[in-house]
Every structure is written in structure tokens, then in C-alpha cells.
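Please read the structure below before turning to the comments.
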Amino acid sequence: MAPLILHALEKRFGPGAPAVRDLSLTVRDGRFLALLGPSGCGKTTVLRMIAGFEQPTDGSILLGERLLADAATMVPPERRNMAMVFQSYALWPHMTVAENVGYPLKVRKVDRERARQKVCEALAAVRLEAYADRRPAALSGGQRQRVALARCLVTEPDVVLLDEPLANLDRHLRQEMEETFREFHARSGATMIYVTHDQSEAMALATDVAVMSEGRLLQMASPEEIYARPEGLVVGGLVGQGSILSLRLPPGSGRLLDWPRLRDAFQGTEEGLMPADVLVRPQDVVLDATGLAARVTSSFFEGERYALRLELANGQSLRAFSRQPVRAGDTTSVVLASGWRL
Ligand SMILES: Nc1ncnc2c1ncn2[C@@H]1O[C@H](COP(=O)(O)OP(=O)(O)OP(=O)(O)O)[C@@H](O)[C@H]1O
């Protein structure tokens, strides 16, 4: 299949700031893209434009050479060969699982025997063969979600679009479904675009993560790259539970900062230092008597460790982990093993 190309995409719903602006990205065949960003940043609007439910006010959407939409052109959703999975699953309550999954084939008047075979394959792909004759009311939330996935598989879409599909599920089920999505992606080979505001979900599932804020694309890269080398305050703040410190660094000091560099930045007495935002991840904050003095402002036991909030002498706060019990109000000292200049 051809790549999906969004070129300088814009969507305005009225006067005021556009919901999506100047957004360009390419999703290569078979990739799994997570669109990540805070509520209201325009993720769903991008997905709806790709699906064909909204028309761009500027820019264009192409599948390879084929123009799907621009301000003057609009290929209808049913002619895009895409499938969208909604949060609500949108299953027919009066139909069995197999009938729900086969419904798109019935609409397309696919031959009965062929349809039966495709339904079986799709149910096998989501491990629901044993549930073919049940009605949706007799399924768990996760099983309903899997029916919705199987239903989109039968049409062999070029692109599968998912809008926060796990938002209604509890934590345990979310983990199980993440596994199902990964498996679904591996088996179907479909290009997938997945909207979420949950960074750990995006990282766990996707081959590429696109971070959006206020209608714009801030960074698109692999989960590893976004985690290790976030660009700017918004991406840095969104990914990986880090703390952002305002420090002063010598010009040209690079982006990956070690402890001696960070320690000097706290002393900060040299001439010509520049203000810098530095991301420090909790796992890089090591309780160590040779480090900076810090006061514990909160401590929660998370199971295998304590999650701490610390306040440094300069008033800035840091998140840290400790295997040993630590109490709010304790004083300690910390070494910052690594930091990333945003
Ligand atoms: N049909 C519409 N008419 C007017 N404004 C809209 C419409 N749809 C979305 N918007 C506005 O566009 C902006 C982006 O909305 P969108 O739903 O794309 O964000 P989102 O990132 O998906 O948010 P969430 O995670 O809360 O669903 C918001 O300010 C929203 O109010």
C-alpha cells in the first residue's frame, strides 16, 4: 500500500485559532502511528479529516498519488478504504458477534461462503472464535472492543483509524488490549493511526509517535527517540514523567548533560551563562549523600518503590524514586545522573 501523506493540513471551524494548522507528516505503509497530545490539541480533528468526516480548510491528504481531500476535493469516507474504530465500539445489540463482524461484507454484498470464511479469520485474529454466537450484551468491554477490531479487519482496509479506543476500559483490561492491538497490527499488516492522550499507551503501541499541541505537530519520531531526545518544553513535559528545571548553562554545552555539568549549573557562578530548560527523569535522580540538598515534599508507596517529590534549595521541584522508605518532611541529597536540555 502507498504512504498516507498529510501536507500543510489546516482545519478551521470558525473565526479564531484553527483546530489544526500547517500539519505535515507521512505515515509509511504498515506503520503504527500514535497521535499524542493534551485534550483539545486537534488529534481527533486530524483523524476525522483522514477518515473523511471533516474536510480540510487548507492543505491536502493523499494516499500515495491519490488525492483524498483538500479544500476543494472530498473523497467520501466509504471510498477511502479505511476503517475507524470508535470508543463506543458502535456494535449492533440485536446481532451476534459473527453477524456484527460480517455486517460490512453484507453491505458490500460479498458472497456468503467467502464472507463466512473472512469472519472466521477476523475472529481468530482477535481470539474470539468461541464467542461467534454471543450478543454484545454478553461480552466484557475488552471483548466488545475486539469485536469492533474484527469488524474493521474483514474489509481489509488500507488504514485503520482508532480514536482513544481504550479510554473506557479499566487499567488491567487496557494492558490486555494493548497486547491485542500490537498483535492485530503484526498480523494484519495494516497501517494504523491511533489517537491518545496517554503517553505510556502511545509509547507501548506505536512504531511512530506524533506529538501535537494547539493544532500543531511538534515532533514525530520513534517512541525511543521521542523519549530520549524530546524537542521543547511541551514534548519534554508530556513524555516520561520527568521534571523540568530552569538552569543556567554555558553556551554550546550540548544537550545530554552529566552530573558534573548539572552540578556546575546549580552553582552557576560563571560569566556568560544562558538560561536553559533541562528535563530530568525520576530514574536519573539518585539519593546520594554527595549530592544537592533536597527536602521530601511527598512520598507515595507504589508497590515496588516509593514515588517522591523533592524540593531543592533553589525552590525547584523534582520527581524521584526510592526503594527505601522515605517520608514527607525528610531531608536528603540527590545526584542528577543525567539531564536533557530541551
Ligand atoms: N465540529 C466542531 N465545531 C467546532 N469546533 C470544533 C469541532 N470539533 C472540534 N472542535 C474544536 O477543535 C479543537 C480540537 O478538537 P479535537 O477534538 O480535535 O481535540 P482532541 O485533541 O482530539 O481532544 P480530546 O482528546 O479532548 O478529544 C477544540 O478546540 C475543539 O473545541
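Among residues of segment 159-178 that are among the polar types (S, T, N, Q), those with a beta-carbon under 9 Å from a residue that is at pLDDT 80 or above and away from the ligand (no atom under 16 Å from the Cβ) at least six positions away or on a different chain give the pairs N168/G141; N168/Q145; Q175/A204.
Criterion first (of a type in the set (A, V, I, L, M, F, W, C) and part of a loop (DSSP other than H, G, I, E, B)) does A328 satisfy it? Spelling it out, A328 is indeed of a type in the set (A, V, I, L, M, F, W, C) and part of a loop (DSSP other than H, G, I, E, B).
Is one or more of the residues making up segment 105-113 more than 16 Å from the ligand (Cβ to nearest atom) and touching a strand residue (DSSP E or B) at 6+ places or on another chain (Cβ under 8 Å)? No, there is no match, as no residue in segment 105-113 is more than 16 Å from the ligand (Cβ to nearest atom) and touching a strand residue (DSSP E or B) at 6+ places or on another chain (Cβ under 8 Å). Residue pairs whose Cβ atoms lie under 6 Å apart, sitting 6 or more positions apart in sequence or on different chains, and linking a residue in segment 37-48 that is assigned by TED's automatic domain parsing to the domain that holds A8 and among the charged types (D, E, K, R) to a partner that is in a loop (DSSP other than H, G, I, E, B) and within 6 Å of the ligand (Cβ to nearest atom), are K43/G37.
Suppose we keep only residues that are of a type in the set (A, V, I, L, M), away from the ligand (no atom under 11 Å from the Cβ) and closer than 27 Å to A186 by Cβ within segment 18-52. Which one would you say is surrounded by the most Cβ atoms within 10 Å (Cβ to Cβ)? Step by step, filter segment 18-52, then rank; the result is A34. Could you list all residues from segment 152-172 that are part of a loop (DSSP other than H, G, I, E, B) and crowded, with 21+ Cβ neighbours inside 10 Å? V154, P165, L166 - these are the residues of segment 152-172 that are part of a loop (DSSP other than H, G, I, E, B) and crowded, with 21+ Cβ neighbours inside 10 Å. One residue stands out in segment 198-255 among those that are closer than 23 Å to S317 by Cβ and among the basic types (K, R): the one that is farthest from the ligand (Cβ to nearest atom), namely R248.
Taking the conditions (1) acidic (D, E); (2) modelled with pLDDT of 95 or more; (3) away from the ligand (no atom under 16 Å from the Cβ) in turn, E129 satisfies each one other than (2).
The residues of segment 107-145 that are assigned to a loop (DSSP other than H, G, I, E, B) and farther than 17 Å from L173 by Cβ, listed by number, are R108, K109, V110, D111, A132, D133, R134, R135.
Kindly establish whether L67 is more than 24 Å from the chain's Cα centre (by Cα) and either more than 10 Å from the ligand (Cβ to nearest atom) or surrounded by 15 or more Cβ atoms within 10 Å (Cβ to Cβ) (or both). Judged against the criteria, L67 is a match.
The values are calculated or read from the model by the stated rules, or taken from the named source; none is laboratory data. Computed from a predicted structure; not experimentally measured. Positions of Cβ are backbone-derived with ideal geometry, glycine not excepted, and every protein chain shown enters the neighbour counts.
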